[in-house]
Structures are given as structure tokens and as C-alpha cells.
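Written below as C-alpha cells is the structure these notes are about.
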Amino acid sequence: MRVRFVDLGRQYLELREEILAEFDEVSSGGWFVLGPKLQRFEEEFAAFCGVRHAVGVANGSDALLLSLLALGLGPGDEAITAPNSFIASAWAIARTGARLRFCDVGEDMNLDPDKLRDAITDRTKAIMPVHLTGRVARMEEIGAVAAESGISIVEDAAQAVGASRNGIKAGAFGSAAGFSLHPLKNLFVHGDGGVITTSDDSLAEELRRYRNHGLKNRDEAAFWGINSRLDEIHAAIGSLKLKRLEAWNARHREVALRYSEELAGIVEVPVDGPGEFSVYHRYMIRTPQRDELAQHLEERGVETKVNYPIPLHLQEAAKDLGYGPGSFPVCEKLADTILSLPVHAHLTDEEATHVIESVKSFRFVGGV
Ligand SMILES: *Cc1c(COP(=O)(O)O)cnc(C)c1O
């Protein structure tokens, strides 16, 4: 049996008729950008997250970049994020011209609020917690540290659509939040896409201009913006899929909780704390024999990934920031021990069983 890490074709087959109908409707209507499909999707997405506004953009990275720019981040400022994220969390900050700083993570793999104060300087203007793997960071404490110093929060919620913490959804904690609709995310469109959420009316207005050249109407630009919009066809597909998202996320959780039950004690498994509702965008186990286990699983037909093997502060792109090996010990240990097992909404019970049995058939040396 071959268990693929993701299987996007299966989702298409579930929705094929509806997607083709949307494609037909948008195409024959001839309205492809900034039209009624986008407006509807934005309203639905905002309601889903429990915020006042959602703004569709071209991808999740732009969602982060535009949020930071609209909050005024720029040269002379600093912003902090986690070093164990996808590259975009880092470049979104660096691209504003602000200085990029990292802060180590905790056992939940998310920004550690206890270490944040050491990373804050009098130039810090924004903190970008990443809700890695679909698990919301410790936002109550992070919010309290940020509020002490008048610092804005932009959530990197790219992996966390539908996740919540103490009843509050990802995307509703910060001044703004960036989501990705990339095909590898829990809610995906047929190409690149992204969404910004905010409950700040004037920030939402600014963001709508930013994504559309800085235009306030057809001919007048209030400032130099960029062109980063969510196309009508993607928005239409987003609306279709948003209706299924809770069921799909529930399936992610079902598979993940089954893995955890069966694999606890064999490898380190993720455990939701009180009030946490993770959507398991990724299901990451930890073991010192990560590379050997990955090889063993590959031989048994189970595809795995490491998200992510090289911490951001050790990237060539970060060489001028003054960090090195040892700067963020928790993050660096994670990079050497994490392994993502296949979890997706269309994974079958038989496939999940094969994954579990394949892990169990590996001969671990010296325990967890
Ligand atoms: C996917 C991802 C992004 C970027 O989203 P794109 O839509 O690919 O630009 C940013 N941050 C995190 C944590 C991600 O997983």
C-alpha cells in the first residue's frame, strides 16, 4: 500500500460538479477580478473566523506582508516571529524594511511568551506568532506581553484555518491575521490564494486599497499599493469549500487523535492542552531516530515530510542577522527530531492503519 502525504485529487472528485458549475458561471459572467464571488467569500470567511472583515489577496505571504505594511511597519522598526516556520513568515517582515528578529518556541512548537520580553526592544512594532501545524499559539500571554509595550500582533494563521483557543478562532486574536489558500493548506483554492482578517474598520479599508494599487476609486491613488487580489474563480471555490471545512477539519482531528492514541509512548506525539482545538494541518511526531524512521516508512510506502528541516535563523538569507547554531535551542532540536505523518481530509481508515502499523514495525533503539 502507498499512503501519499496529501491527495488533492480526491477532494476535487468530491466537489467536481460544483466546481465546474462555478467555473462556468464565473467564465460566462465575464467578471474575473474584484467581483461578487470575492465579496461573498470575504463575508463568509469573516463570519467563520468571528471577525468584522476578511480581505482576499493573491497568496498567504502577501496577506502577511500587506498586514504589516498597513500597520506601518518599515525601516527603523523591528518585528519578531518564530524561527521554525515557513520562509514566508520571515521574508514578509524583512520585505517591509524592518529588522527581523526571532524568538524561540516552546514545547507546543509556537512562540514562547516567556522568552518574548528578551527579544523586544524599543523599536519593536509587531509580533507575528505562527500557529504552526494548525495549533493556536499561547495568544493570551503573547497578547499581554505585546500590550505592555504597545506592540501590534499579526497572526500567521496560514496553517490554522478553523483552529481555536478557548473558543476564539485563529485570525481573531491579532490586529490582523494572514491565511493561505495554497493547495497544501486545509482550505485551498485551485492555485495561490490568501486572506487577511481584521476587526479594525480603517485597517480593512487600507488593506482593500493596498491590494488594489493603492486606488481609492478607478482613477485616484491614495498611496502606492501593489496588485494582490484573490480572483473570482478562486473565491467561488473558496466559498464552496468553506462549507465543508468543519467536516474536513474534524476528519484531520479524527486521524490525528487516532495516531496519538496508538503511537504515544513509541514516539513523542502532539497533545492538545485545555481549551485548545488544533486542526492538525500537520501531524508531527518527534523521535531522535527521525531519519531512520522516515527511511523505514518510505520503504513501507508511507510518505512523510519534515516541516521544516532548516530553521529560519540558519538560512543563508538570514546570515546578516547575527544568529547562529545554538541561538534557539528548542527550535533547533525540533528541526532534528520532527517528522510529519500523512493527515488529510480524504485519508482512509485503512491508510491510517497502515501508517500506524508501519511506525510500530520500526525497531526503536533506546526508547523515546
Ligand atoms: C503556507 C505558509 C505561508 C505562505 O502562504 P502562501 O499562500 O504559500 O504564500 C506563510 N506562513 C506559513 C506558516 C505557511 O505555512
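For the reader, a short list of remarks on this structure follows.
- Some residue of the stretch 313-328 being within 16 Å of the ligand (Cβ to nearest atom), in contact with a Cys (Cβ under 9 Å, 6 or more places away or on another chain) and either in contact (Cβ under 8 Å) with a residue 60 or more places away in the chain or on the phi > 0 side of the Ramachandran plot (or both): yes
- Matching residues in the stretch 346-367 - criterion: being part of a loop (DSSP other than H, G, I, E, B) and at negative phi: His346, Leu347, Thr348, Ser361, Phe362, Arg363, Phe364, Val365
- The residues of the stretch 87-103 that are polar (S, T, N, Q) and within 12 Å of the ligand (Cβ to nearest atom) amount to a single one, Ser89.
- Against the list (1) in a loop (DSSP other than H, G, I, E, B); (2) surrounded by 24 or more Cβ atoms within 10 Å (Cβ to Cβ); (3) among the polar types (S, T, N, Q), the condition Thr121 fails is (2).
- The stretch 347-368 residues that are within 11 Å of Tyr259 (Cα to Cα) and in contact (Cβ under 8 Å) with a residue 12 or more places away in the chain, paired with ones that are basic (Lys, Arg) and not in a loop (DSSP other than H, G, I, E, B) (beta carbon under 9 Å, 6 or more apart): Ala352/Arg258; Ile356/Arg258
- Selection within the stretch 151-175 - within 15 Å of the ligand (Cβ to nearest atom), assigned to a loop (DSSP other than H, G, I, E, B) and in contact with a helix residue (DSSP H, G or I) (Cβ under 6 Å, 6 or more places away or on another chain): Ala158, Gln159, Ala160, Gly162, Ala163, Gly171
- Residue match in the stretch 180-195 (condition: within 14 Å of the ligand (Cβ to nearest atom) and in contact with an Asp or Glu (Cβ under 7 Å, 6 or more places away or on another chain)): yes
- Condition met for Leu240 (farther than 30 Å from Glu42 by Cα and either modelled with pLDDT of 95 or more or β-branched (Val, Ile, Thr) (or both)): no
- Filtering the stretch 184-213 to residues that are in contact with a strand residue (DSSP E or B) (Cβ under 9 Å, 6 or more places away or on another chain) and either at pLDDT below 95 or small (Gly, Ala, Ser) (or both) leaves Gly193, Gly194, Ser199, Ala204.
The values are calculated or read from the model by the stated rules, or taken from the named source; none is laboratory data. Note that the structure is predicted; figures quoted are calculated from it, not measured. No Cβ is skipped: glycine too gets one built from the backbone with ideal geometry, and neighbour counts run over all protein chains shown.
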